[in-house]
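Below: the structure, in structure tokens.
The values are calculated or read from the model by the stated rules, or taken from the named source; none is laboratory data. Owing to the predicted nature of the structure, the values given are computational and were not obtained by experimental measurement. Counting neighbours? That spans all protein chains shown, and the Cβs are built from the backbone with ideal geometry, glycine included.
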Amino acid sequence: MKQFFGFLMVVCCVFTLTADARAEGGTFKIGGGMFFDNNIPGGNLSLDFPIGEGKLALSPFVDVFYKSESKLYDGGLNLLWNFGSGDSGNFYLGAGAGVGYVDIGVGVPGASVSASKTQFAADVVAGFSFGSSESLSFYAQGKWIGVFGGGSSNATVNIAGLGTTTVPVDLELRNFAVQVGLNVPMGR
């Protein structure tokens, strides 16, 4: 699954670099942030393609949050609604769905175990881009991310001298992330 998300990130980068005039008004976003379930740091990548006159945009995205005992990779497609708020800024709201991969590690005396699962993911996003110029601007966004269908998984551990222990591992994550980064215009 990690290879899938790596591949998706490469495809987004290549698509951005080869975008032509059809992407006029679109932006490439790259940044970092924190997912507040287990305080997992990570990064994000998205492409915003305007629909019609630019109030709506389709936005394929990839989020990667990683630390040694907790990993969350999610990717999908958002529909964004842009609110023009002046020459130097833009407020947007959006929601979408996709796929998420969760890998959670749990420590028990004398051992550590982990469980993982690929499952349905959904998100809701609100953000603001600012400092707009012809070639670069910045964004800050809050994002609720939920992965569904994982439930609790029981990991069985055989600890030498203590026997077998069953440890519950919750694979459904639902929490907020804060992300900041750069907007790079495409097709100009």
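For this structure, a couple of remarks:
- In the set (1) crowded, with 20+ Cβ neighbours inside 10 Å; (2) among the aliphatic types (A, V, I, L, M); (3) modelled with pLDDT under 90, the condition left unmet by Ile51 is number (1).
- Flag for Ser129 being polar (S, T, N, Q), under 18 Å from Gly33 (Cβ atoms) and either modelled with pLDDT under 75 or in a strand (DSSP E or B) (or both): yes
- Looking at Ser112, Ser70, Ser59, Ser46, just one residue is at pLDDT below 85 and polar (S, T, N, Q), and that residue is Ser112.
- Screening Asn44, Asn82, Asn38 for residues that are outside any strand (DSSP E or B) and surrounded by 14 or more Cβ atoms within 10 Å (Cβ to Cβ) leaves exactly one candidate, Asn38.
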